[in-house]
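Please read the structure below before turning to the comments.
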């Protein structure tokens, strides 16, 4: 079956020497995966795909010990910010992508490949970068023209949390959910980054670990502003 084949393929790629991955129990990862050929999630409405992914994200928290910081579902890909205290990101994501593939194919009565390839992960080992990755994740729908403000996109943990919903356990950091700082944080999230800032974030997230280019450190560091409580 496709789900089993995908899992085997994912694990095989993890073991390939060309793909060096950093295993951490202390720092979070930015994880993303796209649909095959950048298609949308077949005929399913985004709300239904959200429900499917929420179900298996719950399992990741309870069965794999994942700590989910944020999740945004787009039409043909997702963004996940997650910590793995057990150091089992590959195992958990293999399960998640296999299980969601099976469910989507079952509901659409198809046997097509759902995901284009294995997931991409980037270790975020600096709090300054972490704030900006939060912003990058939650601004994805805004940058895609799907909404005007980050809190208006319905398929986001930000939207769900602000509306009082919790489809799966979500790590609550005080600066984000404290009512006293909520408005200022939303203002910061909704402030459009400069083109240089976008370039820095996208380049950093393309690496195995988010690091600025050594030759550019002098100008990169000041460019990444951090939310201040």
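Every read-out reported here was derived from the displayed coordinates using simple, explicitly stated rules and does not represent laboratory data. Given the structure is predicted, the values throughout are model-derived calculations rather than measurements. Ideal geometry is used to build each Cβ from the backbone, glycine not excepted, and the neighbour counts take in all protein chains shown.
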Fill in the blank from the handout: Counted neighbours (other Cβ, 10 Å), sorted fewest up, put 97, 53 in the order 97, 53
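How high is the FRET efficiency between residue 191 and residue 111 when r is their beta carbon distance and R₀ equals 41 Å, given to the nearest 0.05? Write down the numbers at each step before the final one.
Details: r = 45 Å, r/R0 = 1.09.
Calculated transfer efficiency: 0.40.
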Practice task
Taking 7 Å along the Cα-to-C-beta vector as the label spot, tell me the residue 127-residue 167 distance in nanometres, rounded to one decimal.
Solution key: 3.1
